[in-house]
Amino acid sequence: MDKRGLPRGICVRIGVIGGGTIGMVSAYYLSKNGHEVTVFEAKDSTGGLASSFRLGNGRFIERFYHYYSPGDTRFLNLVGELDLTCELEWRNVRQAMFIEKKLHSSTGLLDVLSLPGLSIFDKFRFLASMYFLLKKDEWEPLDRISCKDWITSNAGRNVYERLWKHLFETKFDRYADETPVSWLWSRSLRLAKSRKNVLGRETYGYFRDSSKVLFDRLETNIVSRNGKILLNTRVENIISGKGKTKIVAGSGREYEFDRVLATVPMPEIRRIAPDVFGQLSGKLRNREYDAVKMLVVELKERFSEYFILNICDTDVPFPAIIEFSNLKPKEEINNRNMIYIPNYMPLSSGLYSMNADELLSHYMPHLKKMKKGFDADQIADHYVFNDDFVEPYPFLGYCDHIPEFAEPVNGVYLANMSQVHPWINILEHGISYAERLAAWTCPAA
Ligand SMILES: Cc1cc2nc3c(=O)[nH]c(=O)nc-3n(C[C@H](O)[C@H](O)[C@H](O)COP(=O)(O)OP(=O)(O)OC[C@H]3O[C@@H](n4cnc5c(N)ncnc54)[C@H](O)[C@@H]3O)c2cc1C
């Protein structure tokens, strides 16, 4: 036994619920540590939010765009360890803002100086505020101030209204004013690590055959060490017993484990393990999750020269357009220009129930404002993808409510993205969390 009472040198049977990033990476490290792992995944493939779909040309692409930063060190270490470095491609990209009904490059410092609707004083304050935010090395004080208050007092109301308001309102809906500035700090740090200097473009990486290659390789590794991946197997219940914990799958079949890692979102924890859920702080227990709705459009022509187009005009009903073919060339996709239009909302939103045609019609007048002459003839195909639970809407003082994974409740270790705060929801942070989780719950056998 080690000092935490965990067995050393013994192979432990572990059930991992959820085959997303946290589940698959934890399972990979646990099986590497010599344990016997079974992953339960409700869908027909692993990958969760980072899973892919097959295009007409047979190649895969992510349902929700996925790109990686040179600063994603844990991600790059894992990719190297799995011998997948050669599957990643890197390119320099450009960003823009849609502001006052026009696209304006916002790639480097000089571009920011020519943004409309802001005085030279506003621009200086905007840049200075971002510089000072990035210099902060303690995030907990930032967890207690809202983005709105922090930006307004450091960069001015005009900067908040023109550059940020729409992003917060489309991303965090009615909770926009409660979003702590620790979120912006974490997001800006990642952006800064993608740039060689403030004048330059960002560099991002992507998997030539989508992030599916990462999950396929994790599967192969887990299975080669006698692990099991049970697809189409939704967990319905977790029953704790003396020393052992049972997982009940949708078929009614029961599986017994020494330890269970539940990596699914909190609303799913409430459903399958109400006793574990009941131990959470009230603030996290009652916090609503945001859902994501993604419209993916295959275009015959390029939409713009920008990879990321942030929307600042508040009459547009979505926060950004990601033109993925400005990172991953169209020859590698479907010979089409691929744009992703993300949107985040509570599950109850009317927009969430729209199908692909309805969503496209809803967005079309706004796409026409952004590209002169844009019309339906330029669209080759379109798809919509949803996920009910991305993450809980952040709130002030979130840091005081993060549940530990260290101590299991009734044999169940809870580990999902809601515990990764203040780090933004990306693979890098899921992987780093999963590594620690595996090392803590079951050290090497
Ligand atoms: C629009 C969008 C864009 C993104 N872009 C990027 C990006 O560019 N770069 C980046 O690094 N990250 C990006 N991310 C974030 C990244 O996808 C997530 O950080 C990561 O996938 C989260 O993994 P997870 O394991 O926490 O959760 P999930 O991926 O949600 O995995 C949970 C899994 O549990 C399964 N499950 C749920 N309930 C049950 C049950 N009862 N029984 C069995 N299985 C169950 C689900 O099917 C799912 O597979 C993006 C996310 C979104 C939404």
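Where a number appears in this text, it was derived from the coordinates with a stated rule and is not lab data. Bear in mind the structure is a predicted one, so any value in this text is a computation, not a measurement. Please note: Cβ atoms are built from the backbone with ideal geometry, for glycine as well, and neighbour counts cover all protein chains shown.
So here's what we get for this one:
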{"read-out": "Radius 12 Å from Cβ of TYR352, net charge of other residues (Lys, Arg +1; Asp, Glu -1)", "value": "-4"}
{"read-out": "Footprinting exposure proxy for CYS86, CYS11 (fewest neighbouring C-beta atoms within 10 Å first)", "value": "CYS86, CYS11"}
{"read-out": "Proximal aspartates and glutamates relative to LYS300, as straight alpha-carbon distance under 16 Å, when same-chain residues fewer than 8 apart are discounted", "value": "GLU323, GLU331, GLU332, ASP375, ASP377, ASP381"}
{"read-out": "Environment charge at THR73 (Cβ cut-off 12 Å; Lys +1, Arg +1, Asp -1, Glu -1)", "value": "0"}
{"read-out": "Cβ-defined net charge surrounding GLU41, 12 Å radius [Lys, Arg +1; Asp, Glu -1]", "value": "+1"}
{"read-out": "About the Cα centre, charge dipole magnitude for region 289-392 (Lys/Arg +1, Asp/Glu -1 at Cβ), debye", "value": "340"}
{"read-out": "Amide H contacts of VAL39 (H built 1.01 Å from N, under 5 Å, at least 5 apart or other chain)", "value": "VAL16, LYS228, ILE229, LEU230"}
{"read-out": "Entries of LYS32/LYS330; LYS135/LYS371; LYS165/LYS193; LYS165/LYS328; LYS101/LYS123; LYS212/LYS369 with Cα pairs more than 26 Å apart", "value": "LYS32/LYS330; LYS135/LYS371; LYS165/LYS328; LYS212/LYS369"}
{"read-out": "For ARG287, ARG190, ARG174, order by how many other beta-carbon atoms lie within 10 Å, fewest first", "value": "ARG174, ARG190, ARG287"}
{"read-out": "Theoretical ellipticity at 222 nm over the chain - DSSP helices of four or more residues, -39500 (n - 2.57) apiece, nearest 500", "value": "-8500 deg cm²/dmol"}
{"read-out": "Between region 296-312 and region 61-85, the Cα center-to-center distance that results, in Å", "value": "23"}
{"read-out": "Sites excluded, GluC sites (Glu not before Pro) in DSSP loops with at most 15 other C-beta within 10 Å, longest stretch of the chain", "value": "139-287"}
